[in-house]
Structures are given as C-alpha cells and as structure tokens.
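Participant: Got a structure for you, questions after.
Read-outs throughout are calculated quantities, based only on the coordinates presented, and are distinct from any laboratory measurement. Because the structure is predicted, anything quoted here is derived from the model rather than measured. Note that each Cβ is placed from the backbone with ideal geometry, even for glycine, and that neighbours are counted across all protein chains shown.
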Amino acid sequence: MILIYSIKNSPRLTYTIEVIFRWVLKMKVPVIITQEMDEFLQFQGRKINYSNLLVPDAVHVPCSEFLYMHGVKPIFPGIGHGAFGKALFPVEGSTDFNFDVFAAVFYMVSRYEEYLPHEPDIHGRFKPEDSIAYKNNFLDKPIVHYWIEELKDRLMLRYPTYTFPKKKLRFTSTIDVDNVYAFLGKGFVRTIGAMGKDLIKGKFDTFLLRTQVVTGARKDPFDEYKFHRKLKEKYDFPMRYFMLVGERSENDHNISPHHPKYKELVRKLKRFARIGIHPSYRSHQSEEILHSEIKTLEKLTGKKILDSRQHFLKMQLPETYRLLLKAGIRRDYSMGYATKPGFRAGIAEPFPFYDLLAEKRTRLVIRPFCIMETQYKDYMKIGPAEALPLMKKMVNEVKMVNGLLITVWHDRNFANLPGEPNWKDVYKRLVKYIH
C-alpha cells in the first residue's frame, strides 16, 4: 500500500493517482489518499506528502493547488526542469521535487489546453503548433513517463526494499480502411468516369492497371490484407482495422459497406484482427449518424463494436468523446496529431478519458499513437528513405519507457501504384525493427 497525504481531495487528484500508479506503473497495490495528518504520520509504509507542509519520512511532492481547482481557466502552468527534462508547474520548497508532478501529469493527459480558446485548423482540429509540448520542444518525448520515472526513483530511494512491476515494450499495429480497394467495388459509372479521367490526364499506367484489376487480370493494388496477416503471424503482434462505413461524401471515399467485396473483406479481417469503427467525417456532429454507422459495422462483423478512431482525427473535447461513450465505444485510438508525429498527451500508455467540463473520469479508454505514415508522407513531404529513421527514433522513445507503441497506417499507402513511393516496405521494415 502507498498512502498519500493531501490537504484536500478532488476528482482530478484521484484520477491522476490512478493514471500514474495503475495505468503507467502497472501497480496492483492500493494507493490511498488521506486528509488526516495523524493517520499519515503513524503509517509505517510507503508515503507521499502532497502538500506544502514539511513532513518527515515521506517522499515530498510540492502542491501547486491546480488539482484542487474546478472548471477550465486560462492557466499557464509554467515551465521548469525535472531530473529528466522539462517539467510543468514549477514549485519551490521541496528537496525531492522542484515541480508538481501530479499537476503536470494531469495537465497533459486531460488535454487541458485543448479546452482553452484556440484557432482550429480547416478540419476543426487542435493544432500541434498550439500545444505546450511543441512550443517547448518536447512533443517527441513521452514526457509524462519521465515525470513518473522521477517519482518512482524517489520512492525507490526512500524505500529501497520495494520493487515495481517490470514492464516491456508492447506494439499494436492499427490500419485505417478508408477505401477498401483502389478500383474494385466502385460501380460501373464511377469506374468508367475514372477511366476517362485517367486518359484525359495522361495517366496511361493507371488506366491500364485499373482495366486489369476490374477485368480480374490483376490484384487490386490496395489488396494487401494477406501481407498484413503474414507479417502479424511472423512477429505475433495485435492488429486493429478501423473501417469506414459512412455514406460517400467529399471526405469519405469508401465503397459501400453493403457491397459483396466489402462484406467478404470484413469476414477475412475479423479472423485475425479486431475491427473498430472509423466514424465518417461528419459523424462527430451527429449522434444519429454515429449510431447508424456502428450498427452497420456490427451487422457485418456479428460482434459488438467497442473500438473507434475518428476519420481525419477530427474531434473536439469533450463533445466527440461524449458521443462515443453514448454510442457504446470503450476504446478510442484518435489521440495523436494528423500533421506531426509525437506524443499529443505526453504518454505512451492507455489511460481513461477525464471529462474536464463534467470533472469526472469516464469509462472511455484512450489509446494514443505516436507514428502515422501520412504525417511524414503528406504533411512533412518526405520520402520513405528519410521517414524510416525518424520513425525508428519514435520507437526508441517508447522502448526507453517500456510503453505501448501504436502505429497508424492507411490502406492506400500499402499500394505500389505507378509513380508512387514504396511505403509498404517502410511498414515492413519498421515492424521488423520494433521486434
């Protein structure tokens, strides 16, 4: 057992303690918060003093009082330095820490800054450039783990007989199925129209390939699902597919989920991977649309859909996550930036979503990613040869803290289309490197 003394208790403090000790450190022992000083002084086990009082024989985390506040206020946490790098909420008066570890962790994982006024991008998303991590050059670091490691070191120094659970790097591959196929299942009118555009634009290689695919002479270039399965079986790692089943629109280009080719693919994928919903572009504004898409996918899979990742990573807090909870989703994989790799919440472990406006922990578990191939390909505008070493650096960051590494790939980027770089090979080499 670990006993924590705090002058006050709050939902924020309780939540933060859970994230640190259960979700990151994987501890099974109870961690109790007390407001009784006599109880704290008499306790003979491991103790953390979370106050600005000086108490003997306990690890001292100085308190900034941020976790005692309610609501969202335009607070700047301040930038200091911990043992392993930059830290938030610098506080003086302790020989153990010069910052409020608990407040720093909460600020990052609650995504407090995303509730503050900001200018969203064209898709309504919070921009990485507006984040405290980007502005202070630690977006590429799982900074929350650094702070927790410092807390762990302090506990081990004061209580050397106690050992923490051992952890190791884990890896989950996730794939967004935005199209299913490049050419198949598009229907006669769309296919003829696309062939005409190929000819008009002088894309004769694409015209030939499209013709060969629709006539059955060649495999569809997006049909690399057997490749996925073989790689998964070789290295034995979990896979997740997020299927787009919404109606076609300007930003939703999938084939109909009622098409035989779509149904056949779902039957194949569910044999070796978990399937989740990829809510359509406009679904985050409509509970009815989201429920309808989930029900469609549940009929196709014959299973309850519990996993989700937003299309375009389009979300606003807390509204999007509230909608997902209402729809029965229990795990979301959207926590990452579309345009830049890194650790949006500063963490490489799953953690429960805290609704800041309701001031409560929810049942939705956020599973953050730090690598997505389109960050490099579409936004950083670099090729496979330059991207792979940068991806490996992100892998090394997660490995250093023995966290959960989640990568994102898109169906279209496994294809070797005429004139396109080979991102399929990057995926294969990255998986090999991870293992």
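Participant: Order these peptides, 301-313, 343-355, by their mean beta-carbon neighbour count within 10 angstrom, highest first.
Facilitator: Averaged packing, sorted descending, gives the order 343-355, 301-313.
Participant: Let me ask another. Running a GNM on the chain with Cα contacts under 10 Å, which residue among 372, 37, 391 ends up with the highest mean-square fluctuation?
Facilitator: Of 372, 37, 391, the most mobile in the Gaussian network model is 37.
Participant: Binning at 5 Å from 0, report for the stretch 93-196 what percent of all alpha-carbon pair distances ends up in each bin.
Facilitator: 2, 8, 11, 13, 12, 12, 10, 8, 7, 6, 4, 3, 2, 2, 1
Participant: So which of 186/304; 295/399; 167/232; 304/360; 152/428; 166/232 end up more than 31 Å apart, counting from Cα to Cα?
Facilitator: Details: 186/304 28 Å; 295/399 37 Å; 167/232 22 Å; 304/360 26 Å; 152/428 36 Å; 166/232 25 Å.
Long pairs (Cα-Cα over 31 Å): 295/399; 152/428.
Participant: What number does the stretch 328-435 give for Rg over Rh if you use C-alpha atoms and the Kirkwood radius? Numbers along the way, then the final one.
Facilitator: Details: Rg = 15.5 Å, Rh = 15.1 Å.
Rg divided by Rh gives 1.03.
Participant: Defining a contact as two alpha carbons under 8 Å apart and six or more residues distant in sequence, what relative contact order in percent does the stretch 2-158 show?
Facilitator: Values: 219 pairs, mean separation 31.2, N = 157.
Over the stretch 2-158, the number comes to 20 percent.
Participant: Compute the relative contact order of the chain as a whole-number percentage, counting only Cα pairs closer than 8 Å that sit 6 or more residues apart in sequence. Mind showing how you got there, number by number?
Facilitator: Values: 757 pairs, mean separation 71.6, N = 435.
Computed over the chain, the figure is 16 percent.
Participant: With +1 assigned to the C-beta of every Lys and Arg and -1 to the C-beta of every Asp and Glu, and no other charges, what is the dipole magnitude of the chain about the Cα centre in debye, to the nearest 20? Please list the in-between numbers first.
Facilitator: Details: 70 positive and 49 negative charges, 442 e Å.
Result for the chain is approximately 2120 debye, rounded to the nearest 20.
Participant: Further question on the same structure: Considering the chain as a Gaussian network with a 10 Å cut-off on Cα pairs, which listed residue, 162, 225, 281, attains the greatest mean-square fluctuation?
Facilitator: For the chain, modelled as a Gaussian network with Cα springs under 10 Å, the answer is 162.
Participant: What are the equivalent ellipsoid semi-axes of the stretch 68-115, built from the alpha-carbon gyration tensor (square roots of five times its eigenvalues), in whole angstrom, biggest first? Don't jump to the answer; show the numbers that get you there.
Facilitator: Numbers: eigenvalues 83, 26, 16 Å².
So the three semi-axes of the stretch 68-115 are 20, 11, 9 Å.
Participant: Using +1 on the beta carbon of Lys and Arg, -1 on that of Asp and Glu, and nothing else charged, what's the dipole of the stretch 2-158 about the Cα centre, debye to 20? Intermediate values should be presented prior to the final figure.
Facilitator: Numbers: 17 positive and 19 negative charges, 80 e Å.
With only Lys, Arg, Asp and Glu charged at Cβ, the dipole is about 380 debye.
Participant: Can you tell me the relative contact order of the stretch 57-140? Whole percent, Cα pairs under 8 Å, sequence separation 6 or more. Before the final figure, lay out the partial values.
Facilitator: Numbers: 98 pairs, mean separation 20.7, N = 84.
So the answer I get is 25 percent.
Participant: To continue, here is another question. Between 117, 91, 338, whose Cα lies farthest towards the positive end of the dipole of the chain when Lys and Arg beta carbons carry +1 and Asp and Glu beta carbons carry -1, centred on the Cα centre?
Facilitator: 338
Participant: Hey, can you rank 333-342, 212-221 by average C-beta count inside 10 Å, highest first? Before the final figure, lay out the partial values.
Facilitator: Details: 333-342: 22.4, 212-221: 14.9.
Order by mean packing, descending: 333-342, 212-221.
Participant: Just to be sure I understand: with springs between alpha-carbon atoms less than 10 Å apart, which residue in 244, 404, 184 has the highest mean-square fluctuation in the Gaussian network model of the chain?
Facilitator: 184
Participant: Still on this structure: Just to confirm a number: summing +1 for Lys and Arg and -1 for Asp and Glu over residues other than residue 68 whose beta-carbon lies under 12 angstrom from that of residue 68, what do you get? Don't jump to the answer; show the numbers that get you there.
Facilitator: Values: positive: 8, 12; negative: 65, 100, 359.
My count for the surroundings of residue 68 gives -1.
Participant: A further question on this structure: How many percent of Cα pairs in the stretch 5-162 exceed 27 Å? Walk me through the intermediate numbers first.
Facilitator: Working: 2943 of 12403 pairs.
Across the stretch 5-162, Cα pairs with separations above 27 Å total 24 percent.
Participant: Turning to a different aspect of this structure: Candidates [x] 5, 21, 31, 27, 14, 3, 0; [y] 4, 20, 28, 23, 14, 7, 3, 1, 0; [z] 4, 14, 15, 11, 8, 6, 6, 6, 7, 8, 7, 4, 2, 1, 0, 0; which is the computed P(r) over Cα pairs in 10 Å bins from 0, in percent?
Facilitator: [y]
Participant: First select every other residue whose beta carbon is under 10 angstrom from the beta carbon of residue 85; then total the charges, Lys and Arg +1, Asp and Glu -1.
Facilitator: On the way: positive: 86, 141; negative: 150.
Once all neighbours under 10 Å are counted, the net charge is +1.
Participant: Continuing with this model, one more query. So, in Å, what gap is there between the alpha-carbon centers of the stretch 383-416 and the stretch 282-348?
Facilitator: 22
Participant: Which of 388, 400, 368 sits closest to the plus end of the dipole of the stretch 368-411, meaning its Cα is farthest towards the positive end, when Lys and Arg get +1 and Asp and Glu get -1 on the C-beta?
Facilitator: 400
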